[in-house]
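What follows is a set of notes on a single structure, which appears directly below.
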Amino acid sequence: MDIDRLPSLRIPGFRAPESNAPAQPLASAFGANETAELVVDLLERTALLAPDVLALVRGRSARGIPVTQALVEEGVATSEGVARMLAARHHLSLVDLSDVGIALDAAQLIPVATLQRAVAVPYALEDDVLKIAVADPGNLHAIDELRLATKHP
């Protein structure tokens, strides 16, 4: 599972709502560098990584590479491990979309361009509760855009 890249959403028989907005990922609520420093500082305080690995991750982050991607590429974390960490940090359950699938009624509620910008996949609509998997649960801009697009709190 690669949390940095979601598959293209193509559901047979489904025509997505139209949107003229560009499908560029939304910026995180924190700047990338602030979020990166938070993650690296936590790793440094817990002494989970050697100082040279932390320096390498910090350097890659300064060049615009997400900390999570640098950790995975350096072999110090797995994509699933990073996803579990993010889910735990935000008190959310980790959803494996290959297990739950995507419900057509849920997918039709949000324009595809909005989903691409938010890096999100709606996977269920149960009792008027829309369930959406997001790549970055700390990205408040994306969460707000999803709320506006769906009119769901």
Condition test on G75, is it small (G, A, S), outside the structural domain of R147 (by TED's automatic domain parsing) and either touching a residue at least 60 places away in the same chain (Cβ under 8 Å) or not in a helix (DSSP H, G or I) (or both)?
-> yes
Restricting region 92-122 to residues that are among the hydrophobic types (A, V, I, L, M, F, W, C), surrounded by fewer than 18 Cβ atoms within 10 Å (Cβ to Cβ) and in a helix (DSSP H, G or I), the residue that is nearest to the chain's Cα centre (by Cα) | L97
A133: passes all of (1) touching a Phe, Trp or Tyr at 6+ places or on another chain (Cβ under 7 Å); (2) surrounded by fewer than 19 Cβ atoms within 10 Å (Cβ to Cβ) but (2)
Among the listed residues V76, V82, V119, which satisfies the condition of being among the β-branched types (V, I, T) and over 30 Å from A47 (Cβ atoms)?
-> V119
When A142 is run through (1) under 13 Å from the mean Cα position of the chain (by Cα); (2) in a loop (DSSP other than H, G, I, E, B), the failure sits at (2)
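Quick one: which of R84, R89 is basic (K, R), touching a residue at least 12 places away in the same chain (Cβ under 8 Å) and surrounded by 12 or more Cβ atoms within 10 Å (Cβ to Cβ)?
Matching residue, one of R84, R89: R89.
The values are calculated or read from the model by the stated rules, or taken from the named source; none is laboratory data. For clarity, every value in this text was computed on a predicted model and none was experimentally measured. In this analysis, Cβ positions are derived from the backbone assuming ideal geometry, glycine residues included, and neighbour counts consider all displayed protein chains.
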